[in-house]
1. Report, by residue number, each residue of the range 1-30 that is part of a helix (DSSP H, G or I), touching a residue at least 12 places away in the same chain (Cβ under 8 Å) and open to solvent by 30 Å² or more (accessible area, probe 1.4 Å).
2. Considering only residues that are within 24 Å of Ala89 (Cβ to Cβ) and without any contact (Cβ under 8 Å) to a residue 40 or more places away in the chain, which ones fall in the range 51-69?
3. Kindly list the number of the only condition in (1) surrounded by 12 or more Cβ atoms within 10 Å (Cβ to Cβ); (2) part of a strand (DSSP E or B) that fails for Pro91.
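The values are calculated or read from the model by the stated rules, or taken from the named source; none is laboratory data. Keep in mind the model is a prediction, meaning the values are calculated, not measured. Note that we place each Cβ from the backbone using ideal geometry, even for glycine, and neighbour counts take in every protein chain shown. In case anyone asks, the SASA skips ligands and DNA or RNA and just uses the protein heavy atoms, side chains included. Shrake-Rupley method; radii C 1.70, N 1.55, O 1.52, S 1.80 Å.
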Amino acid sequence: AMAEGEGLVSVDYEVSGKVQGVFFRKYTQREAKRLGLVGWVQNTSHGTVQGQIQGPTARVRELQEWLRKVGSPQSCISRAEFSNEKEIAAPEHKEFQILK
């Protein structure tokens, strides 16, 4: 259950750098699940990883920071961009999925 007064947000992200072929999606999913967030992650055709995160604002911020600075052990993140941030009444996803 979500704490009272803790708003839910949805934010899209795209991470550039050495982020494909380094288990980035798997680690992102693991971190999102650890934080109790929902959404998705997928590789793009132009070598980046993109997706959407939804959940309590503070937890979303934690994953944003992780996407900026940590990533998977073999990844090398050059840039993480976030867009379309908005407040939501309820999560639109059931879990955090890796999309093909």
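1. The answer is Arg25, Lys26, Tyr27, Gln29.
2. Matches in the range 51-69: Arg59, Arg61, Glu62, Leu63.
3. If we test Pro91 against (1) surrounded by 12 or more Cβ atoms within 10 Å (Cβ to Cβ); (2) part of a strand (DSSP E or B), just (2) comes out false.
Let's see how each residue does on (1) open to solvent by 20 Å² or more (accessible area, probe 1.4 Å); (2) at pLDDT below 95; (3) within 15 Å of Leu99 (Cβ to Cβ):
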{"site": "Asn43", "(1), (2), (3)": "yes, no, yes"}
{"site": "Gly55", "(1), (2), (3)": "no, no, no"}
{"site": "Val60", "(1), (2), (3)": "no, no, no"}
{"site": "Gln64", "(1), (2), (3)": "no, no, no"}
{"site": "Gly71", "(1), (2), (3)": "no, no, no"}
{"site": "Gln74", "(1), (2), (3)": "yes, no, no"}
